[in-house]
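Report on one structure; see the data block that follows.
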Amino acid sequence: MIALSASLTLTACNGDGSDDSGLGGPAPKTSASAALSASALATFTQYTGSTAGRATGAPIRLGFINTETGPGAFPEYTIAMTDAVRLLNEQLGGIKGRPVELDMCHPQDAAQAEQCAQRFAGDPTVLAVLHGAVDSDTTAFHRTLSPKLPLLGGLPLQPADAQAQNAYYFSSGQFGALGVVTYATQYVRAKKVSMLTSEGFAASERAVAAIKQGLEASGVTVTVAKYPANSTDLKEPLTASGAAGADLFIPVVVDPAQCVNIHNALQQLAINTQVLTLAGCLSQDVRAKLGDYPRWNFMTFNISAEAGGRDDSTAWQLRALKEWFPPLAARGVPSTAGVMMLQMILVAARVVGSVPADNLTPTTVGNQLKRFAGPVFLGVPRLVFGTIPGLPAIGSLSSRVYNYLGNDNWRDTTGGQWLEPPPPSTPTGRPSSSTR
């Protein structure tokens, strides 16, 4: 068995091209991916366009940028991306038979993100960059990268992400949060909404502002409360949010510890208001501390890995995912993170593999990404880039909502429907009729 280090290079950069992590050469040897069933391989390769098997030959180099430390860090994305590339190279035939080689960069601020872009753009062997999440201003990053390399991303956190040229995100992140307005008005019929978020996380605060504006435009009364990020007792801000008297309570949080603290405060105050939150609270840390996930509604930008599928195609995708994902779950990776990184590498394989080998350049890859309409594994029904006003890098604003019933049981709150945010010309939107 060929070790992973033969096809996956991890180079951690501090933004200036220097390496103080000990990962500047081949990656440490890791165990091979568990062999998947023939049906799972057939399902995955529908999304790559390759033939199942081990990838060989000259590697295809892709950059990967992701914030690893700090309050807005996503280390689980790096874990999931590493395993997704391993799966692609060892069992899914790579990109038309060639393995993927990653060059990883983990910036801690905007200056280092820009230096990551300089690093990638200055490497003539890098074809494109994969974007996990960067919790700092990415304006300079995209300005540096976009003239040289296309970017494929899963979670746009910053306005610069959504507005970037030559960048393509297959989920909408905070910019799809206005689907909350559709859910609140069309499904809950809410008249009063309470919101709670922590201070110091810019992406959450922007999402709160957008949701509040959209709800108020729909005639909904909204009360927002905030608390310091290091707070553990949230009874006071929860009371200030008016959650007890609201029709819907929306905690906009992504940190597992905050999810736990909000759940505990709701229990202590005996507040039984319906809760809608983001899928970031579906963390193994949350489950371990509470004994189970909170019995809330969770907004996602993918089909739920846990709720099951209403059609054969979705059911086959979920079976394949559940063969691959358990080792990641054992390492504390939420299913949403695993799905997003797997989606990204499958899309990259499909798009890069669609370019003739004798014409494989960053420009041709970028052109193919711009035209890519799907399908995305467990993803939105359709992607169209460049058509959302002010958000050219986002291919879809669709979202889903699932309700956790306890004991690993889920209900599809929107009955298989994808939510669309209110269109700009009207105060409220209708649930999308698209299904998977």
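The values are calculated or read from the model by the stated rules, or taken from the named source; none is laboratory data. All figures in this text were calculated on a predicted structure; none of them were measured in a lab. Counting neighbours? That spans all protein chains shown, and the Cβs are built from the backbone with ideal geometry, glycine included. We work out accessible area using only protein heavy atoms, side chains counted, and drop any ligands, DNA or RNA first. Shrake-Rupley method; radii C 1.70, N 1.55, O 1.52, S 1.80 Å.
The table for this structure:
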read-out	value
Single residue of region 30-48 satisfying the filter (in contact with a Phe, Trp or Tyr (Cβ under 9 Å, 6 or more places away or on another chain) and hydroxyl-bearing (Ser, Thr, Tyr)) that is most open to solvent (accessible area, probe 1.4 Å)	Ser39
Residues within region 129-174 that are in contact (Cβ under 8 Å) with a residue 60 or more places away in the chain and among the basic types (Lys, Arg), tallied	1
Complete set of residues in region 252-291 that are part of a loop (DSSP other than H, G, I, E, B), of a type in the set (A, V, I, L, M, F, W, C) and over 21 Å from Ser171 (Cα atoms)	Leu269, Ala270, Ile271
Set Val260, Val222, Val254: member being open to solvent by 10 Å² or more (accessible area, probe 1.4 Å), touching a residue at least 40 places away in the same chain (Cβ under 8 Å) and either within 30 Å of Asp103 (Cα to Cα) or of a type in the set (A, V, I, L, M, F, W, C) (or both)	Val254
One residue from Thr51, Thr56 being in contact with a helix residue (DSSP H, G or I) (Cβ under 8 Å, 6 or more places away or on another chain), part of a loop (DSSP other than H, G, I, E, B), surrounded by fewer than 21 Cβ atoms within 10 Å (Cβ to Cβ) and touching a residue at least 40 places away in the same chain (Cβ under 8 Å)	Thr51
Count of residues meeting criterion [more than 20 Å from Thr364 (Cβ to Cβ), touching a Cys at 6+ places or on another chain (Cβ under 9 Å) and open to solvent by less than 40 Å² (accessible area, probe 1.4 Å)] in region 118-143	2
Residue match in region 158-173 (condition: of a type outside the set (Gly, Ala, Ser), within 13 Å of Ile65 (Cβ to Cβ) and in a loop (DSSP other than H, G, I, E, B))	yes
Search result, residues across region 61-73 that are surrounded by fewer than 23 Cβ atoms within 10 Å (Cβ to Cβ) and at negative phi	Arg61, Glu68, Thr69, Pro71, Gly72, Ala73
